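Q: One structure coming up, written as structure tokens, with questions to follow.
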Amino acid sequence: MKKYICLLSFLCIVNINAQIDPVKYPTYTDMDAALKSDKTVYSLSFRDKGLFNLPPDITKMNSVFFLNIMGNNLEKLDDALFSLSELQILNINENSIKYIPDEINKLKKLTTFSMNLNQLTDLNPEFAKLQKLKVVQLDANNLSVFPKALTEISGLEEINLHSNQISMVSHVEKIKSLKFLNLSSNQINDLNETGFPNKLKYLELQKNMLLTLSKNILALKNLEFLNVGENKISEISPQIKNLKNIISLNLANNQLQSLPKEIADLKHLKTLILTGNPINITEVEDLRKKMPETQIYF
């Protein structure tokens, strides 16, 4: 599992780096070189340096908008970090940080915050003041509830909370711009009272303890990707037909013995994964005939 999370973390930083023009914004990996540069420094990376603290001189880097301090030994966020008022992209993956201090509210321009593989048990309410955030990555921490602070940032578009200990999820519908939500590998068993924003397109809920697909999920007409594999779902409501734009549906490794006939109404469905369910092969073959444009795995 840790290797898998590390891979996700690596893919995350690759994606973040893809947002930066390496010619226009060269990344400095040495503090002395950055200080001596005759050019404005916009990007710093101290990845895998074995750091316990940030270099004190980082406070002189007033123009930095990208900072990668992934894979170090940080147990807290240094005050020096909060002097970087122009910071937009921050990667703190793979450290040992247990809390985020109030001073996080000083990083007003943050758009991407990645803090996978740390030891967070809660998210500071001051985090809600980062109203320019678009992407938050908090995979593989120790969160037990969906962070309330995130529900107060309506402009968020992507939230990753994979591999925490979350059992309670509420008020997600307040995040009006949310398009991507990953809650896989948690301890969620009931989402019947949980609302979701209408713009949601990508929802991952695999490896939880769900017994049903809630009516609120089945009402997401803009949803394109839904993964509820490896849960305990034994029945799918006919309301599945409301997922008009669904392209990929993963129902693998549940307890489904049959599917509602309405699933054939999903005209845009390209991939349907049914492996690991006790469904009769005859029903699956019949479904394949009704849905010739859908690749069905069983």
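The values are calculated or read from the model by the stated rules, or taken from the named source; none is laboratory data. In this text the structure is predicted, and so the values were computed from the model without any measurement. Heads up, the Cβs are rebuilt from the backbone with ideal geometry, glycines too, and the neighbour counts pull from every protein chain shown.
Here's the yes/no breakdown for (1) among the hydrophobic types (A, V, I, L, M, F, W, C); (2) crowded, with 16+ Cβ neighbours inside 10 Å; (3) more than 21 Å from residue 92 (Cβ to Cβ):
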{"residue": "162", "(1), (2), (3)": "no, yes, no"}
{"residue": "165", "(1), (2), (3)": "no, no, no"}
{"residue": "171", "(1), (2), (3)": "no, no, yes"}
{"residue": "175", "(1), (2), (3)": "yes, yes, yes"}
{"residue": "178", "(1), (2), (3)": "yes, yes, yes"}
{"residue": "209", "(1), (2), (3)": "yes, no, yes"}
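Q: If you don't mind, another one. Test of understanding: among 215, 207, 221, which residue is on the phi > 0 side of the Ramachandran plot, assigned to a loop (DSSP other than H, G, I, E, B) and in contact (Cβ under 8 Å) with a residue 24 or more places away in the chain?
A: Values: 215 fails: on the phi > 0 side of the Ramachandran plot; 221 fails: on the phi > 0 side of the Ramachandran plot.
Being on the phi > 0 side of the Ramachandran plot, assigned to a loop (DSSP other than H, G, I, E, B) and in contact (Cβ under 8 Å) with a residue 24 or more places away in the chain holds for just one of 215, 207, 221, which is 207.
Q: Next question. Where the second residue is among the charged types (D, E, K, R) and the first is free of Cβ contacts under 8 Å to residues at least 12 places away in the same chain and lies in region 31-52, which pairs have Cβ atoms under 9 Å and are six or more apart or on separate chains?
A: 32/57
Q: Still on this structure, I have one more. Do we find that residue 226 is in contact with a strand residue (DSSP E or B) (Cβ under 8 Å, 6 or more places away or on another chain), closer than 29 Å to residue 155 by Cα and of a type in the set (A, V, I, L, M) in this structure?
A: On the way: in contact with a strand residue (DSSP E or B) (Cβ under 8 Å, 6 or more places away or on another chain): yes; closer than 29 Å to residue 155 by Cα: yes; of a type in the set (A, V, I, L, M): yes.
Here the answer is yes, as residue 226 does meet what is asked.
Q: Give the residues of region 59-92 that are more than 18 Å from residue 133 (Cβ to Cβ) and touching a residue at least 40 places away in the same chain (Cβ under 8 Å), sorted by residue number.
A: 70
Q: Between a first residue in region 177-191 that is in contact (Cβ under 8 Å) with a residue 12 or more places away in the chain and a second residue that is among the hydroxyl-bearing types (Ser, Thr, Tyr) and in a strand (DSSP E or B), which pairs have beta carbons less than 6 Å apart while being 6 or more apart in sequence or on different chains?
A: Going by the 6 Å Cβ cut-off, the qualifying pairs are 180/202.
Q: Out of curiosity, is residue 95 in contact (Cβ under 8 Å) with a residue 24 or more places away in the chain and either at positive phi or assigned to a loop (DSSP other than H, G, I, E, B) (or both)?
A: Numbers: in contact (Cβ under 8 Å) with a residue 24 or more places away in the chain: yes; either at positive phi or assigned to a loop (DSSP other than H, G, I, E, B) (or both): yes.
Against the criterion (in contact (Cβ under 8 Å) with a residue 24 or more places away in the chain and either at positive phi or assigned to a loop (DSSP other than H, G, I, E, B) (or both)), residue 95 qualifies.
Q: Can I ask one more? Of everything in region 102-112 that's in a loop (DSSP other than H, G, I, E, B) and crowded, with 16+ Cβ neighbours inside 10 Å, which residue is nearest to the chain's Cα centre (by Cα)? Working first, answer last.
A: So the first thing to find is which residues in region 102-112 are in a loop (DSSP other than H, G, I, E, B), and the list is 107-111.
Cutting the leftovers down to crowded, with 16+ Cβ neighbours inside 10 Å gives us 107, 110-111.
Working: 107: 21, 110: 16, 111: 14 Å.
For region 102-112, the residue satisfying everything is 111.
Q: Give me the residue from region 7-47 that is in contact with a Phe, Trp or Tyr (Cβ under 7 Å, 6 or more places away or on another chain), more than 13 Å from residue 69 (Cβ to Cβ) and hydrophobic (A, V, I, L, M, F, W, C) and, out of that set, modelled with the lowest pLDDT.
A: Filtering first and then ranking leaves 20.
Q: So if I check each of 116, 186, 198, 141, which one is under 30 Å from residue 234 (Cβ atoms) and either buried (at least 21 other Cβ atoms within 10 Å of the Cβ) or at pLDDT below 95 (or both)? Give the steps one after another, and end with the answer.
A: Working: 116 fails: under 30 Å from residue 234 (Cβ atoms); 198 fails: either buried (at least 21 other Cβ atoms within 10 Å of the Cβ) or at pLDDT below 95 (or both); 141 fails: under 30 Å from residue 234 (Cβ atoms).
Step by step, each of 116, 186, 198, 141 is checked, and only 186 is under 30 Å from residue 234 (Cβ atoms) and either buried (at least 21 other Cβ atoms within 10 Å of the Cβ) or at pLDDT below 95 (or both).
Q: Mind checking whether some residue in region 69-86 is of a type in the set (Lys, Arg), more than 24 Å from the chain's Cα centre (by Cα) and at pLDDT 95 or above?
A: no
Q: Scan region 224-248 residue by residue and report those that are aliphatic (A, V, I, L, M) and either within 18 Å of residue 278 (Cβ to Cβ) or assigned to a loop (DSSP other than H, G, I, E, B) (or both).
A: Start the filter on region 224-248 by keeping residues that are aliphatic (A, V, I, L, M), which leaves 226, 228, 233, 236, 240, 243, 246-247.
Once the filter is applied, which keeps residues that are aliphatic (A, V, I, L, M) and either within 18 Å of residue 278 (Cβ to Cβ) or assigned to a loop (DSSP other than H, G, I, E, B) (or both), region 224-248 yields 228, 233, 236, 243, 246, 247.
Q: Does region 98-116 hold any residues that are without any contact (Cβ under 8 Å) to a residue 40 or more places away in the chain, farther than 20 Å from residue 26 by Cα and either touching a strand residue (DSSP E or B) at 6+ places or on another chain (Cβ under 6 Å) or not aromatic (Phe, Trp, Tyr) (or both), and which are they? Quick ask: steps written out before the conclusion?
A: The first filter runs over region 98-116 and keeps only residues without any contact (Cβ under 8 Å) to a residue 40 or more places away in the chain, leaving 98-108, 110-111, 113, 115.
Within this subset, residues satisfying the condition of being farther than 20 Å from residue 26 by Cα are 98-108, 113, 115.
Matches in region 98-116: 98, 100, 101, 102, 103, 104, 105, 106, 107, 108, 113, 115.
Q: In contact with an Asp or Glu (Cβ under 8 Å, 6 or more places away or on another chain) and hydrophobic (A, V, I, L, M, F, W, C): which single residue out of 52, 66 fits that description?
A: Details: 66 fails: in contact with an Asp or Glu (Cβ under 8 Å, 6 or more places away or on another chain).
Answer to the selection: 52.
Q: Okay, moving on. Would you mind finding the one in 200, 249, 220, 243 that is of a type in the set (A, V, I, L, M, F, W, C), within 30 Å of residue 155 (Cα to Cα) and touching a strand residue (DSSP E or B) at 6+ places or on another chain (Cβ under 6 Å)? Outline the logic, then answer.
A: On the way: 200 fails: touching a strand residue (DSSP E or B) at 6+ places or on another chain (Cβ under 6 Å); 220 fails: touching a strand residue (DSSP E or B) at 6+ places or on another chain (Cβ under 6 Å); 243 fails: touching a strand residue (DSSP E or B) at 6+ places or on another chain (Cβ under 6 Å).
Residue meeting the stated conditions: 249.
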